[in-house]
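What follows is a set of notes on a single structure, which appears directly below.
A short reminder: the numbers here are calculations on the coordinates, not readings from a lab. Since the model is a prediction, treat every value here as computed from it, not as a measurement. We place every Cβ from the backbone using ideal geometry, glycine too, and count neighbours over all the protein chains shown.
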Amino acid sequence: MKNRIPVLLIALVISSCTCNEIKEKLLPSFNVNIPEIRLTVPPLPKVLNDEIPVGALKTHINMDSTIKANTAGTFGADAVHFVKVKKLTIKALNADHQNNLSNFETARMRIFNDTASTDIAIIQFPRTFSDSLTVTPATSPDISKYLRGSDLNYNLYWKNRKTTSKFLKLAVQVTVGVQ
């Protein structure tokens, strides 16, 4: 009788769900850190009214392997229903009192592929000295279609509040929730 209960439970779940619903019920939710992004911001001798694009950047990611590692090989990227940004942490590795995150007013991170793009984070920086900042987006779009390949393509934009006088080295860590 004990062996029949799990079989009956699985049969009940399967009979009441579509294939996608079954995957959704069986795939556990988990968070993944995308490989850290390192940037060097050149000195910004002027404060402009508009944001400045950094340009197209790329970081390697293998979401299929990551999902398999987090599900004991049971699921891969095809089983994912959605991926959303949970947290973004920015650290100024060589900050000082004249050159730190408070020199920036806002920043925006946009990911893209060959057919679409979406903003994943909009950051408001503090007005006082800061060498690190963690942002938890209030809302986050589903970015699963941008993570199907082997590289994550993104653009960064920022608007400075004050000038900077040296190259500022930044480390950006993005944590995504997978379901």
* Asked: Hey, fewest Cβ within 10 Å first, where do Glu51, Glu36 land in order?
  -> Glu36, Glu51
* Structure fact -> Listed with the fewest Cβ neighbours within 10 Å leading, Thr66, Thr128, Thr106 appear as Thr128, Thr106, Thr66
* Asked: Can you list residues whose amide H is under 5 Å from Ile61's amide H, if they're 5+ apart or on another chain and H is modeled 1.01 Å from N?
  -> Asp151, Leu152
* To do: Take Gln98, project a point 7 Å from its Cα along the Cβ direction, then tell me which residues of the stretch 144-179 have their backbone nitrogen under 15 Å from it.
  => 162-168
* Of every Cα-Cα pair in the stretch 27-178, the percent that sits beyond 24 Å -> 35
* Pairs Lys84/Lys145; Lys46/Lys166; Lys58/Lys86; Lys91/Lys145; Lys68/Lys145; Lys46/Lys169: which exceed 22 Å Cα-Cα? -> Lys91/Lys145
* Asked: Once the Cα gyration tensor of the stretch 75-144 is found, what semi-axes does its equivalent ellipsoid get, as square roots of 5 times the eigenvalues, in whole Å, sorted largest first?
  -> 30, 12, 11
* Partner aspartates and glutamates for Lys159 [C-alpha distance under 12 Å; skip if fewer than 8 residues away on the same chain] -> Asp50, Glu51, Glu105
* So how far, in whole Å, is the C-alpha centre of the stretch 69-137 from the one of the stretch 41-56? -> 18
* Asked: Going through the stretch 30-80, which trypsin sites (Lys or Arg not before Pro) have at most 13 other Cβ atoms within 10 Å and a DSSP loop state?
  -> Lys46
* Structure fact -> Given 114-124, 163-173, the highest-first ranking by average Cβ count within 10 Å works out to 163-173, 114-124
* Asked: Just in the stretch 74-166: which chymotrypsin sites (Phe, Trp or Tyr not before Pro) are loop by DSSP and have at most 14 other Cβ atoms within 10 Å?
  -> Phe129
* Asked: Karplus couplings for the stretch 73-79 from phi (6.51 cos²θ - 1.76 cosθ + 1.60, θ = phi - 60°), rounded to Hz, Gly and Pro as x?
  -> x, 6, 10, x, 4, 5, 7
